[in-house]
Amino acid sequence: MSKGDEMIRLINDGKVEEALKLADANDIGTLIELGNFFTSKGNYDVAEKIFDHAIELKPSSAEALVNKGFAFLELGRLKVALECFNEAIIVEPGSVEAWVGKGSALVGLEMLEESVGCFNQAIELKPDSVEAWFNKGSALVGLRNLKKAVECYDKVIELSPSLAEAWSNKGFALRELGRLEESIECFSRVIELKPDSTEAWVNKGFALVWLGKFENALECYDEALRIDPKYAAALINKGAALARLGRHEEAEKCFDEAMRLGKSSVSSSCRNGS
């Protein structure tokens, strides 16, 4: 059994401190892998202890600080995450991941102008960083600088053509700019990449409504409902399109079904003690 496997076994048995005692300064890579593993499992308390131990063993480990920061981002502890990324940047100013992480924390703190500066720094260090371009685009959308955001998403698509999220975000930005035909093309591309994406079908339908193509929009909403008959957003948007076509009885049925699903969801949450 490897040292990493033995540490996982001890941690799963609740013996976190005993597990950490097995690691020394030569095991920083193993500790970071373990921390990321437990972060992915949602066990943030254990992940934090592992990253702290890695930093204790090697205070100059920017990688440990960065990964600890991302764990705190997942927890929504944005200020603590920001501190981690700032420390990582002090240790290693050329860490692209630290600049992207800092920018992401600043976005969460609604410090959008500052976040764009961080993403720019990451891009300067690594011009082909998909994460930096993507997150810069999202921050620019928040700042309502939509044309620049589209340029960022274009760069992401150039670097990673199959990233559906980039096509989707570009579609939203184009729709807000009134470039509806281009927006529809983006959502169509998302559907090519993810045919079962109910959100993509609804987004395409919504853009078609803006163009006054209600029948085409209905086809999109119907496809979303074929995939997920309980998708309330599709029902609501379908109802709105039907109403615009004067098909009020059908529209009312859609709205009633959406309301029924909403009440059912609330009732279920109450029964589950949520």
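Within the stretch 105-122, track down each residue that is touching a Leu at 6+ places or on another chain (Cβ under 6 Å) and under 27 Å from Lys58 (Cα atoms). Lay out the reasoning, then the answer.
Step one: of the stretch 105-122, the residues touching a Leu at 6+ places or on another chain (Cβ under 6 Å) are 105, 108-109, 112, 114-115.
Listed by number, the list holds a single entry, Ala105.
Would you pick out the residues in the stretch 147-156 that are touching a helix residue (DSSP H, G or I) at 6+ places or on another chain (Cβ under 6 Å) and surrounded by fewer than 19 Cβ atoms within 10 Å (Cβ to Cβ)? Steps first, please.
Our first condition is that a residue be touching a helix residue (DSSP H, G or I) at 6+ places or on another chain (Cβ under 6 Å); within the stretch 147-156, this holds for 148-150, 152-153, 155-156.
Listed by number, the list holds a single entry, Lys148.
Residues checked against (1) without any contact (Cβ under 8 Å) to a residue 24 or more places away in the chain; (2) over 30 Å from Asn12 (Cα atoms); (3) of a type in the set (Ser, Thr, Tyr):
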| residue | (1), (2), (3) |
| --- | --- |
| Leu65 | no, no, no |
| Phe70 | no, no, no |
| Leu73 | no, no, no |
| Cys84 | yes, no, no |
| Ala88 | no, no, no |
| Gly101 | no, no, no |
| Asp128 | no, yes, no |
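Looking only at helices (runs of 4 or more DSSP H) that lie completely in the stretch 180-262, which have at least 3 residues being aromatic (Phe, Trp, Tyr) and free of Cβ contacts under 8 Å to residues at least 40 places away in the same chain?
Numbers: elements: 180-193, 198-210, 214-227, 232-244.
Ranges flagged: 198-210.
Among the hydrophobic types (A, V, I, L, M, F, W, C) and surrounded by fewer than 18 Cβ atoms within 10 Å (Cβ to Cβ) - does that describe any residue in the stretch 198-207?
Filtering the stretch 198-207 down to residues among the hydrophobic types (A, V, I, L, M, F, W, C) leaves 200-202, 206-207.
Subset that is surrounded by fewer than 18 Cβ atoms within 10 Å (Cβ to Cβ): none.
No, there is no match, as no residue in the stretch 198-207 is among the hydrophobic types (A, V, I, L, M, F, W, C) and surrounded by fewer than 18 Cβ atoms within 10 Å (Cβ to Cβ).
Filtering the stretch 176-197 down to residues that are among the acidic types (Asp, Glu) and within 21 Å of Leu140 (Cα to Cα), which residue is surrounded by the most Cβ atoms within 10 Å (Cβ to Cβ)? Let's see the steps before the verdict.
Initial filter on the stretch 176-197 (among the acidic types (Asp, Glu)): 176, 181-182, 185, 192, 196.
Retained after the next criterion (residues that are within 21 Å of Leu140 (Cα to Cα)): 176, 182.
Values: Glu176: 14, Glu182: 16.
Among those that are among the acidic types (Asp, Glu) and within 21 Å of Leu140 (Cα to Cα), it is Glu182.
Only one of Ala224, Ala173, Ala217, Ala200 is in contact with a Gly (Cβ under 7 Å, 6 or more places away or on another chain), under 30 Å from Ala139 (Cα atoms) and at pLDDT 95 or above; which?
On the way: Ala224 fails: in contact with a Gly (Cβ under 7 Å, 6 or more places away or on another chain); Ala173 fails: in contact with a Gly (Cβ under 7 Å, 6 or more places away or on another chain); Ala200 fails: in contact with a Gly (Cβ under 7 Å, 6 or more places away or on another chain).
After ruling out the rest, the residue left standing is Ala217.
Name the residues in the stretch 107-118 that are of a type outside the set (A, V, I, L, M) and part of a helix (DSSP H, G or I), would you?
Pass one, the stretch 107-118, residues of a type outside the set (A, V, I, L, M): 108, 110, 113-115, 117-118.
Result: Gly108, Glu113, Glu114, Ser115, Gly117, Cys118.
Can you name the residue in the stretch 47-84 that is under 17 Å from the mean Cα position of the chain (by Cα) and farther than 21 Å from Val96 by Cβ and, of all such residues, is modelled with the lowest pLDDT?
From the stretch 47-84, those under 17 Å from the mean Cα position of the chain (by Cα) are 67, 69-78, 81; that's our starting set.
Cutting the leftovers down to farther than 21 Å from Val96 by Cβ gives us 75-77.
On the way: Leu75: 82, Gly76: 87, Arg77: 87.
Step by step, filter the stretch 47-84, then rank; the result is Leu75.
The values are calculated or read from the model by the stated rules, or taken from the named source; none is laboratory data. Note that this is a predicted model, so its numbers are computed, not measured. Glycine also receives a Cβ, built like all others from the backbone with ideal geometry; neighbour counts cover every protein chain displayed.
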